[in-house]
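The values are calculated or read from the model by the stated rules, or taken from the named source; none is laboratory data. Computed from a predicted model, the values in this text were never measured in an experiment. Glycine gets a Cβ as well: all are built from the backbone with ideal geometry, and neighbour counts include every protein chain shown.
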Amino acid sequence: MIKKPIVFSLVQEQSIFMTAIMALLTFLAVLALGISLSIGTGVMRWNSQWDLFATVQIMNSDNNQNVKKIIDENKDKIIETNEISTEQMKDLMRPWLSGGSEALEKYLPKMYELKFKSTSDLETVREQISKHARFLTHAEALKSSTSAGWKMIFISTFVLILTLGAIGICISYIARNTALLHKRELEILNQIGASDNFVAHQMQIIIAKISIVASASGFLVAAPILLLILSTAHSARVGLMAMLNISSTGWLLLLLLPIAIIIFAIWITKRTTLNILKDN
C-alpha cells in the first residue's frame, strides 16, 4: 500500500483546522452582531411604546380638582385616560406588604394613567400638571430597563470587536502558515519568473476557498440560533425581551458580515504573503 507523503496530509489537516476555526469565529461574530441588533431594536421599540404614556400622582388631595380640570381641558391632546382606583393600587402593592393594606389607604395618592397623541401634547400637559402633582412618563419610569438594554448592546458589540480582531489574527496566521506549507511551490514560481502579486494571488485563492466555506458554515449555524433566541424572547410576551427583533435591514447586515470577512481575509492574505516574499 502506497502512503501519501506527509506534507499532503499536513496540508489537508491544516486546512480542516483553519476552516473550523474560521467557522467558529464567524459564528461568534454573526451571533454577537445579531444579538446587538435585536436588543437595539427592542430598546427602540420599547421606548417608542412608552414615550406617549404618563402617570400622574396627586400627593396632596387639595390638588385633585385642579388636576382633574387640567385633564378635562386637554382632552383633545389625550387619547386615553385611566383613573387608577384605590383597589387597583392595593392589588399592585399587596405582594410587597406583609400586613393588611387598609392602613395605607389614606396615604395612597390619587393616580391617573394618560396616553397622549404626541410628544408635544405630553410636554404641554406636563408643564400644567407638574405645578399640582407628580408627572412621570413611563419611559422615565422604565429607564433602568432601557439602561440594561444599552449595556447588553455594549457587551455584544465589545464581543463582536474582539471576535473580528481574532478573525484578523487568525487569517494572518492562516495565510502565513499556508505560505510556509507551500514554500517549495512558491519558490518554484519565483524561480520561473512569477511576480510577487501573482504568487499572492494564488495564496488568495486558497484562503478565499477556506473563508467561503467557513463563513457560510458559521452563518448557517448562527442564523437558526438567533431565530431560536428571538422565539424564546417573544414567548415572554411582556417586557423588553418581548420587543427583541431583527429587521430585514438587520438580516441584510448579518448576511453581509460573512461576505465582509471573506473580503477582509483576501486582503489580509495579500499583505501577509507579500511581506513573506519580501523577507525571503
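Cβ-Cβ contacts under 8 Å between residues 6 or more apart (or on different chains), taken from a first residue in segment 72-83 that is surrounded by 10 or more Cβ atoms within 10 Å (Cβ to Cβ) to a second residue that is among the hydroxyl-bearing types (S, T, Y), are listed as N74/T124; K77/S118; K77/T124; T81/Y112; N82/Y112; E83/Y112. Screening segment 112-132 for residues that are in a strand (DSSP E or B) and of a type in the set (A, V, I, L, M, F, W, C) and picking the one that is surrounded by the fewest Cβ atoms within 10 Å (Cβ to Cβ) gives F116. If only residues of segment 17-55 that are touching a His at 6+ places or on another chain (Cβ under 9 Å) and not charged (D, E, K, R) are counted, the one that is nearest to L226 (Cα to Cα) is Q49.
Applying the criterion of being free of Cβ contacts under 8 Å to residues at least 12 places away in the same chain and under 13 Å from L254 (Cβ atoms) to the residues of segment 211-230, the residue that is surrounded by the most Cβ atoms within 10 Å (Cβ to Cβ) is L220.
Just one of the listed residues (I261, I207, I161) is over 29 Å from the mean Cα position of the chain (by Cα) and at pLDDT 80 or above, and it is I207. Which residue out of G193, G239, G218 is in the same structural domain as T41 (by TED's automatic domain parsing) and at pLDDT 90 or above? G218 is the lone residue from the list that is in the same structural domain as T41 (by TED's automatic domain parsing) and at pLDDT 90 or above.
Okay, residues lined up against (1) at pLDDT below 80; (2) assigned by TED's automatic domain parsing to the domain that holds P224:
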position: Q14; (1), (2): yes, yes
position: A29; (1), (2): no, yes
position: G34; (1), (2): no, yes
position: G40; (1), (2): no, yes
position: N64; (1), (2): no, no
position: I84; (1), (2): yes, no
position: Q88; (1), (2): yes, no
position: G100; (1), (2): yes, no
